[in-house]
Amino acid sequence: MSYPHLFSPLVLPHWRLKNRVIMGSMHTNLEEAENGFFKLAQFYKERVEGGVGLIVTGGIAPNAAGALAPKQALMASRVDAQNHKVVTQAVHQAGGLICMQILHAGRYGYHPKIVAPSAIQAPISPFLPEALTCEAIEQQIADYVKAAELAQSAGYDGVEVMGSEGYLINQFLVARTNQRTDEWGGSFSNRCRFAIEIVRRIRKRVGAQFILIYRLSMLDLVEDGSSLEEVIELAKQIEAAGATLLNTGIGWHEARVPTIAAMVPRATFTQVTKQVKQAVSIPVITSNRINMPDTAEQVLAEGNADLISMARPFLADSDWIKKAKHHQTHLINTCIACNQACLDQVFAGQLASCLVNPRAAHETEINFYPSKTPKKLAVVGGGAAGMAFAVYAAERGHKITLFEAQAELGGQLNLAKKIPGKAEFYEMLRYFKNKLQVLRVQLKLNYKAQAQDLTEFDEVIIATGVIPRQIDLPGGEYPKVVSYTELLSGQVEPAQSIAIIGAGGIGFDVAEYVCRYQNAQVAPSGTDEVKSGAEIEEFTAQWGIDLTHQQRAGLKPAKVEKMAKTLYLLQRKTDKPGAGLAKTTGWIHKAELKQQGVKMLSGVEYQAVSDQGLHIVQEKQESILAVEQVIVCAGQESLTELVDQIQNKPVHIIGGAFKAAQLDAKTAIKQAALLARRI
């Protein structure tokens with residue numbers, strides 16, 4: 001498929017963008033790592049070589065008070081500017097443009113010296129900010145201007161001023177966080193002075209040819225946030241102050257509304273961008289949950305924006321644009337919006353990467369160079385680990401035969417894709433299957449490999465995965481006791497009253513599947529296109545989102561259609577169910593189950609299953625949960641029975657077969673990559 005809108009150039013004053021996609025801002029923590037700028041240069045260079053015309057860096061603070069965390073990278077001195085030159089030079093040599101994002105965290109900073117318009121603590125930070133004096137506000141503006149000037153001296157083609165997501169500038173804009181009574185607070189014209197002065201003074205300092213992007217919070221999704229009229233008025237004033245482009249920001253970080261997670265339908269928020277686009281003359285960028293060319297093309301064709309900003313999709317595939325342009329969309333390694341290896345790791349102080357592409361942000365370390373001694377390799381198991389290893393090893397020139405006992409590839413991914421909100425796993429499966437075909441990996445499906453099948457190979461990779469752990473209870477043999485695999489594979493249907501044993505990630509997934517069982521039976525509306533209006537309508541109703549922005553901050557009363565089932569989610573641990581879920585998405589899963597009225601119990605001892613239901617003890621009190629079905633999600637066990645039967649050749653075990661505890665595709669794929677790199 002061709003994408004005429006996506007690949008039409010955009011002419012800006014003094015610049016020409018070769019396509020309508022920019023790589024949006026995302027911090028990787030390379031900015032603070034040892035030798036990190038060199039690694040960051042290679043990271044960005046590969047994206048430019050893959051077709052990206054304009055990159056926006058991760059957020060760089062203009063001063064120490066504005067840092068998100070201690071030791072965060074700053075742009076506050078000539079030394080800082082010098083450090084960045086290796087990045088800008090690499091991008092320019094590859095033929096791209098790059099802008100540095102200036103981000104002041106304000107009250108979102110995770111250190112004791114944070115500042116804000118008013119001394120109001122953020123719900124996501126343990127620190128109380130110091131209220132800025134008028135003199136200190138002027139100094140903050142001067143620091144923004146200095147950061148832009150230093151960025152220019154470092155070779156950047158422009159800057160993006162981060163004015164959204166609840167950071168400092170956003171905090172000035174709304175009464176929620178700005179309770180000042182001086183010239184920087186009170187009326188809206190006073191509250192937006194800070195943003196306008198920053199843009200106006202930067203433009204005056206850097207001249208007309210420097211790109212100046214302003215990231216505008218178009219939908220705050222927090223109480224007492226901006227109204228549509230205020231958003232549009234600010235957009236007009238930012239344009240008049242000298243901005244080159246307006247970028248879209250959706251939701252404050254403290255908002256209890258999903259904005260970028262996998263359960264958000266693709267391109268949900270682009271109609272919000274369109275409202276602003278209609279009010280200004282400069283080009284407007286849209287963002288959030290756009291990960292495939294068909295989606296991006298449709299958004300542009302419908303006139304919702306002039307440019308598409310994507311960050312995580314370029315972690316997943318640095319050649320995204322090149323593949324789309326050369327009719328290879330089927331080979332795009334798609335961002336599945338899981339956040340597991342990118343945002344979750346960044347917030348934990350680790351380097352960002354990508355579940356589907358462990359090379360991301362590790363380009364100087366993980367490479368699949370051609371092997372000097374190609375080998376004949378057998379891969380037993382076609383789940384995430386087996387498919388990934390086969391792809392990476394085949395790229396190095398090894399001859400691969402992949403054995404899979406089931407009729408189709410995918411393993412546990414074939415169960416994961418059926419969970420409501422995880423349909424992007426269809427894309428992951430599509431990518432791997434197509435890559436295996438292109439690389440001419442020999443597939444033996446519906447074939448349970450035996451030791452004698454493996455004698456002709458130089459080495460064997462065991463990626464046989466896991467089986468559900470059985471639970472040893474009196475009555476465990478009752479038909480009402482089923483495993484999660486039996487449920488998700490369609491062998492059994494959920495009953496009207498259910499107890500789920502195990503409240504880890506799989507337990508939560510199964511609970512969501514049960515809650516939305518009827519919807520889960522409907523195939524995705526198409527994994528290469530914008531989600532249907534009905535899906536977006538259901539999502540926005542569930543989370544109380546007003547995309548028309550008739551309600552202040554885009555919030556409206558949530559409307560949830562509860563399931564007509566009784567559901568218990570149980571765990572042995574005494575901490576709260578869901579405590580071990582991912583930082584950026586776990587709260588969403590817990591909120592969804594709460595919306596559905598799921599009863600979550602911890603500190604549970606399981607006694608027996610009978611005709612009456614599940615017998616338990618909690619807080620020394622015995623009770624019977626009168627359920628018709630017990631679904632066991634009590635972990636997995638590795639399948640390694642073949643290992644001891646293989647003689648006289650190297651055997652490597654990866655994925656769930658290596659370690660079943662806390663099984664996840666991120667670990668399995670990275671393990672496969674590291675093995676393929678060295679074998």
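The values are calculated or read from the model by the stated rules, or taken from the named source; none is laboratory data. Model, not experiment: these values are computed from the prediction. Note: ideal-geometry Cβ built from the backbone for every residue, glycine included; neighbour counts use all protein chains shown.
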Would you be able to say whether some residue in region 95-105 is on the phi < 0 side of the Ramachandran plot, touching a Pro at 6+ places or on another chain (Cβ under 7 Å) and assigned by TED's automatic domain parsing to the domain that holds ILE211? yes
Within region 151-167, track down each residue that is hydrophobic (A, V, I, L, M, F, W, C) and surrounded by 24 or more Cβ atoms within 10 Å (Cβ to Cβ). ALA151, VAL159, VAL161, MET162
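Does region 653-666 contain at least one residue that is part of a strand (DSSP E or B) and modelled with pLDDT of 95 or more?
The initial filter retains those residues of region 653-666 that are part of a strand (DSSP E or B), namely 653.
Within this subset, residues satisfying the condition of being modelled with pLDDT of 95 or more are 653.
Checked region 653-666: at least one residue is part of a strand (DSSP E or B) and modelled with pLDDT of 95 or more.
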Mind counting the residues in region 118-144 that are surrounded by fewer than 21 Cβ atoms within 10 Å (Cβ to Cβ) and either outside the structural domain of ASN190 (by TED's automatic domain parsing) or touching a residue at least 60 places away in the same chain (Cβ under 8 Å) (or both)? 4
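What is the residue count in region 376-408 for residues that are touching a Gly at 6+ places or on another chain (Cβ under 9 Å) and in a loop (DSSP other than H, G, I, E, B)? Give the steps one after another, and end with the answer.
If we filter region 376-408 for residues that are touching a Gly at 6+ places or on another chain (Cβ under 9 Å), which is where we start, we get 379-390, 402-406, 408.
Restricting the remaining residues to those that are in a loop (DSSP other than H, G, I, E, B) gives 381-383, 404-406, 408.
Total satisfying the criteria: 7.
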Considering only residues of region 265-310 that are in a helix (DSSP H, G or I) and aliphatic (A, V, I, L, M), which is farthest from THR584 (Cα to Cα)? ALA301
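I'd like the full set of residues that are farther than 18 Å from GLN595 by Cα and either crowded, with 20+ Cβ neighbours inside 10 Å or modelled with pLDDT of 95 or more (or both), limited to region 511-524.
Going residue by residue through region 511-524, those that are farther than 18 Å from GLN595 by Cα are 521-524.
None; the set is empty.
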Filter region 181-203 for residues that are over 34 Å from the mean Cα position of the chain (by Cα) and assigned to a loop (DSSP other than H, G, I, E, B); which is surrounded by the most Cβ atoms within 10 Å (Cβ to Cβ)? TRP184
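I need the full set of residues from region 229-264 which are polar (S, T, N, Q) and part of a loop (DSSP other than H, G, I, E, B), in order please.
Of the residues in region 229-264, the ones polar (S, T, N, Q) are 237, 244, 247-248, 259.
If the condition is that a residue be polar (S, T, N, Q) and part of a loop (DSSP other than H, G, I, E, B), then THR244, THR259 are the ones that fit.
For ALA634, are the conditions met, namely being under 23 Å from CYS515 (Cβ atoms) and surrounded by fewer than 16 Cβ atoms within 10 Å (Cβ to Cβ)? Show your work before the answer.
Working: under 23 Å from CYS515 (Cβ atoms): yes; surrounded by fewer than 16 Cβ atoms within 10 Å (Cβ to Cβ): no.
When the stated conditions are applied, ALA634 does not pass them.
Does ALA394 satisfy being of a type in the set (Gly, Ala, Ser) and under 30 Å from ARG266 (Cα atoms)? Walk me through how you get there before you give the answer.
Values: of a type in the set (Gly, Ala, Ser): yes; under 30 Å from ARG266 (Cα atoms): no.
So ALA394 does not fit the description; no.
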Is it true that some residue in region 235-246 is at pLDDT 95 or above, touching an Asp or Glu at 6+ places or on another chain (Cβ under 6 Å) and surrounded by 19 or more Cβ atoms within 10 Å (Cβ to Cβ)? no
Tell me which residues, restricted to region 411-431, are under 16 Å from ARG266 (Cβ atoms) and either in contact (Cβ under 8 Å) with a residue 60 or more places away in the chain or in the same structural domain as SER489 (by TED's automatic domain parsing) (or both). PRO420, GLY421, LYS422, ALA423, GLU424, PHE425, TYR426, GLU427, MET428, ARG430
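Can you name the residue in region 72-124 that is in a helix (DSSP H, G or I) and of a type in the set (D, E, K, R) and is also nearest to ALA154 (Cα to Cα) among such residues? Before you say what the answer is, go through the steps one by one.
So in region 72-124, the residues in a helix (DSSP H, G or I) come out as 78-93, 106-108.
From what is left, the residues that are of a type in the set (D, E, K, R) are 78, 80, 85, 107.
Values: ARG78: 9, ASP80: 9, LYS85: 5, ARG107: 28 Å.
Of everything passing the filter in region 72-124, LYS85 is nearest to ALA154 (Cα to Cα).
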Looking only at region 585-617, which residues are buried (at least 20 other Cβ atoms within 10 Å of the Cβ) and either in the same structural domain as ALA341 (by TED's automatic domain parsing) or hydroxyl-bearing (Ser, Thr, Tyr) (or both)? THR585, TYR606
Kindly indicate whether any position in region 147-166 is in contact with a Pro (Cβ under 7 Å, 6 or more places away or on another chain) and either assigned to a helix (DSSP H, G or I) or of a type in the set (A, V, I, L, M, F, W, C) (or both). yes
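Does THR270 fit the bill of being modelled with pLDDT of 95 or more, within 19 Å of the chain's Cα centre (by Cα) and in the same structural domain as ALA311 (by TED's automatic domain parsing)?
Numbers: modelled with pLDDT of 95 or more: yes; within 19 Å of the chain's Cα centre (by Cα): yes; in the same structural domain as ALA311 (by TED's automatic domain parsing): yes.
Considered against the rule, which asks whether it is modelled with pLDDT of 95 or more, within 19 Å of the chain's Cα centre (by Cα) and in the same structural domain as ALA311 (by TED's automatic domain parsing), THR270 comes out as yes.
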Being closer than 30 Å to ARG256 by Cβ, surrounded by fewer than 21 Cβ atoms within 10 Å (Cβ to Cβ) and either polar (S, T, N, Q) or within 29 Å of the chain's Cα centre (by Cα) (or both) is the requirement here; does PRO62 meet it? no
So which of ALA360, ALA301, ALA393 ends up being over 14 Å from the mean Cα position of the chain (by Cα) and crowded, with 23+ Cβ neighbours inside 10 Å? ALA393
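Quick one: would you say ALA672 is in contact with a helix residue (DSSP H, G or I) (Cβ under 8 Å, 6 or more places away or on another chain) and either more than 20 Å from LEU581 (Cβ to Cβ) or of a type outside the set (D, E, K, R) (or both)?
On the way: in contact with a helix residue (DSSP H, G or I) (Cβ under 8 Å, 6 or more places away or on another chain): yes; either more than 20 Å from LEU581 (Cβ to Cβ) or of a type outside the set (D, E, K, R) (or both): yes.
It is true that ALA672 is in contact with a helix residue (DSSP H, G or I) (Cβ under 8 Å, 6 or more places away or on another chain) and either more than 20 Å from LEU581 (Cβ to Cβ) or of a type outside the set (D, E, K, R) (or both).
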Suppose we keep only residues that are of a type in the set (S, T, N, Q) and buried (at least 19 other Cβ atoms within 10 Å of the Cβ) within region 209-234. Which one would you say is nearest to THR273 (Cα to Cα)? SER217
How many of the residues making up region 481-498 are among the small types (Gly, Ala, Ser) and either out of contact with any strand residue (DSSP E or B) (no Cβ under 7 Å at 6 or more places or on another chain) or at pLDDT below 95 (or both)? 2
Please go through region 495-510 and give me each residue that is crowded, with 21+ Cβ neighbours inside 10 Å and either of a type in the set (Lys, Arg) or within 23 Å of VAL560 (Cβ to Cβ) (or both), ordered by number. ILE498, ALA499, ILE500, ALA503, GLY507, PHE508, ASP509, VAL510
Answer residue from region 549-582, given it is closer than 30 Å to VAL617 by Cα and basic (Lys, Arg) and is surrounded by the fewest Cβ atoms within 10 Å (Cβ to Cβ) among those: LYS562
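Residue by residue, here is whether (1) assigned by TED's automatic domain parsing to the domain that holds GLY580; (2) out of contact with any Ser or Thr (no Cβ under 9 Å at 6 or more places or on another chain); (3) modelled with pLDDT under 95; (4) among the basic types (Lys, Arg) holds:
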| site | (1), (2), (3), (4) |
| --- | --- |
| ILE500 | yes, yes, no, no |
| ASP509 | yes, yes, no, no |
| GLY526 | no, no, yes, no |
| GLY533 | no, yes, yes, no |
| ALA541 | no, yes, no, no |
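Would region 365-386 turn up any residue that is buried (at least 21 other Cβ atoms within 10 Å of the Cβ), over 30 Å from TYR484 (Cβ atoms) and in contact with an Asp or Glu (Cβ under 8 Å, 6 or more places away or on another chain)? Explain how you work it out, then say what you get.
First, pick out the residues of region 365-386 that are buried (at least 21 other Cβ atoms within 10 Å of the Cβ): 377-386.
Restricting the remaining residues to those that are over 30 Å from TYR484 (Cβ atoms) gives 377.
Retained after the next criterion (residues that are in contact with an Asp or Glu (Cβ under 8 Å, 6 or more places away or on another chain)): 377.
Yes, that holds for at least one residue.
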Among the listed residues VAL115, VAL159, VAL79, which satisfies the condition of being at pLDDT 95 or above and touching a Phe, Trp or Tyr at 6+ places or on another chain (Cβ under 8 Å)? VAL159
Could you say which residue among VAL206, VAL174 is in contact (Cβ under 8 Å) with a residue 40 or more places away in the chain and surrounded by fewer than 24 Cβ atoms within 10 Å (Cβ to Cβ)? VAL206
